Structures are given as structure tokens and as C-alpha cells.
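What follows draws every value from the coordinates through simple rules; no lab data is involved. Just so we're clear, the structure is a prediction, and the values are computed from it rather than from any experiment. For neighbour counting, all protein chains shown are included, and Cβ atoms are generated from backbone atoms with ideal geometry for every residue, glycine included.
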Amino acid sequence: MSDIKKGQYSTEYVIIIGIGISIIAAFVIYVMLFYGSFALSSSASQITTTANNLANEVNYVASQGPGSMQTFPITISLLQPQYSFFCGDIIKLQTTTELGVSKPAENVSGMLPLSGGTFDAFVRGENGSAIIGLDFSVAYIQQSYSLSSSTLFYNLRFYNYSGGLKSSSFNLTVFSAGEKYITSVMGSTSPTDIGYASGTVTLQSSAPNRYIIEIYPNNSGDYSSTCITVP
């Protein structure tokens, strides 16, 4: 009889241990799923936070009036250039897994990094618009465009972070507002007119009335993004 009771106790002990292990395992799985889900949602919000931070800086400078300027650090994940741009009052940032869109109070153009990291940036207010710059060899580009038939004329000025003109070769790429590639040209600043560049781009005749223009200064580490609308 004593041996039978011992066997019963052993069986009950094994069952209790098994139940305990099952409870602990279920708790561990729950914690992993909960925090895993939280981490994913937190990660997914980072690029939106970055877009909103840029919009807030633009709004602050806009509230101070034309000529105002604000410097700030900005942390940006590795972006997809074709899908990350400034277009009018839209800031769109996209990585391979995340999308962030924000609408500042002003039209905005300026520089975005080709690599992920934390960068020194500034935003400067102009009449009805804002320019964003980054502390790279080419910090910002002032640009103007006009369109005649299917020919786009551009005038560019390249500056360093201190505001001095900077010579540079570059690649200018045009996309549709739907982010479809249209064309690309190479150019450089004139040796006799340091920091200035001008030229033309031939567009397809069936192109849309809004263009995203990206300029990649060679060996700079960033690119300029702006948007033009054909009347």
C-alpha cells in the first residue's frame, strides 16, 4: 500500500510540475508577443515622428517671419530617395518598411540624407516657403525652374553649411508626382562661376503637371528635393 501511495504522489508531483511549466511557458509567450507587438508599433512610428519633427521646425520658423532660421539635430532612418521627398506642403519619408507623411504650414524644399543617422540640420524661412539644409559638403541648394513645352530650364546655386558657394558636379533626376521616373541628366557648376549651374532637361510630352526634382551632388552624402507644378 505504501508503494502505491508513493507512486500516486510521484504521478501527482509530475502533473503539478507539468501544469506549472505550462503556465510559465504561456506567460513567457504572452510577454514576448506583447512586447514584440509594442516594439513593432513603436518602430513603425519613428519615421512619422521624424516627418512631424521636420514639419514642427518649419512651422516654428514660419511663425517667426521671412529670414528666420532654426538649427536642430535630426535622426533619420535610411530612406528610399525616390519615395522620400519634399513636395509643396508635403513631407514624405519612406524606408523599406515604414512611411511617414506630414503637412507643414509652408511649402518646403531642401536636403535629405542618403544614409541613416543623426545630423545637424537647419530650416530657413523665405517668403511663403522654407529651406531645409544638412551639414554635408553641399548643405543646401537654391533652385529655380521654368518650363517651355517639354523643356525644363533650371538654375541652381550650391552652398556649404556656412553659406558659402560650393562647386559641385551633380545628377538631376525628375519624377512624376506619382513617383514614376521620367528622366535624369548630369551637370556641374561652372569653373568660372563657382557654385552656379544652369541647363535644360527634356521631358516626355505626356508628363504630368507636377514634377518631383531630386538633385544628387557628387560625394556629398545627401540630396535635394523639391516639387514644381506646371500651370
- Query: Say each of S149 and S169 gets a label point 7 Å from the Cα, pointing the same way as Cα to Cβ; how far apart are those two points in nm?
  - Reply: 3.1 nm
- If the cut-off is a Cα-Cα distance under 19 Å, which aspartates and glutamates reach K103, setting aside same-chain residues fewer than 8 apart in sequence? E57, D89, E126, E179
- Query: Under a plain spin-label model, where a point goes 7 Å from the Cα along Cα-to-Cβ, how far apart in nm are S190 and S45?
  - Reply: 5.2 nm
- Query: If you average over every viewing direction, what projected area does the convex hull of the Cα atoms of region 44-229 give, in nm²?
  - Reply: 9.9 nm²
- Query: Which ordering of M186, M111 is given by a fewest-first count of other beta-carbon atoms within 10 Å?
  - Reply: M186, M111
- For A105 and Y181 in one chain, what is 0.36 nm times their gap in residues minus the Cα-Cα distance, to one decimal in nm? 24.6 nm
- Expected unfolding gain across Y83-S68 under the 0.36 nm per residue rule, minus the alpha-carbon gap, is 2.5 nm
